[in-house]
Amino acid sequence: MRQDDKYLCYLLEYIPGGELFTLLRGEVIFTPEKAKFYAAQIILAFVYLHSKDIIYRDLKPENILLNYNGYIKLIDFGLAKRVKDKTFTMCGTPEYLAPEMVLNKGHSKPVDWWTLGILLYEMMVGIDPFNDDDPMMIYQKILHGKVKFPVNFDG
């Protein structure tokens, strides 16, 4: 091992399963059982983080890695924040933002549960519920709150 005063190096766990994003794009939609499998693990992660007063605020398929046996690892805690009451920073991926974040009225732990609902929809339907090319239209759709399910949806 080489010591270097100029750089800080650290070793991370090897996660060979790739991103949930890649798996989802390959399969397009997940079976209800598979979606529940991933959602249950995210719930456990959120329960733990929230018990420490940490809001994750960036749940999306790109931030979920799969280990060698298919279990998840949340990554990218760059937007996570310790919050006792409310915070007012608008951050995250537009398609996943909760209405209270879009309205900038202050948000807390419930925004994580909103993102889980968006992710579940995406896993079961194959696209996020408020999809649009224009972020402002995404925000309008979020605030309008109408979610359409495909005619052939059997979730």
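Couplings 3J(HN,Hα) for the range 59-73, derived from phi with the Karplus relation 6.51 cos²θ - 1.76 cosθ + 1.60 (θ = phi - 60°), are 6, 6, x, 5, 9, 10, 9, 10, 7, 4, 10, x, 7, 7, 9 Hz, where x marks Gly and Pro. Reported value for the chain: 157 Å³ per residue, from the convex hull of its C-alpha atoms. The spacing between the range 75-105 and the range 115-140, judged by their C-alpha centroids, is 16 Å. Among the helices of the chain, those built from whole DSSP H runs whose Cα atoms reach 20 Å or more along their own axis and whose mean Kyte-Doolittle hydropathy is at least -0.5 are 32-51, 110-125.
If you take the alpha carbon atoms of the range 98-141 and fit the smallest convex hull around them, that volume is 56 Å³ per residue.
Placing dummy labels 7 Å off each Cα toward the beta-carbon, the span from I127 to Y14 is 3.9 nm.
Laboratory data are not the source of any read-out in this text; all were calculated from the coordinates shown. Keep in mind it's a predicted model, so treat the numbers as computed, not measured. Neighbour counts are summed over all protein chains in view; Cβ atoms, including those assigned to glycine, are modelled from backbone coordinates with ideal geometry.
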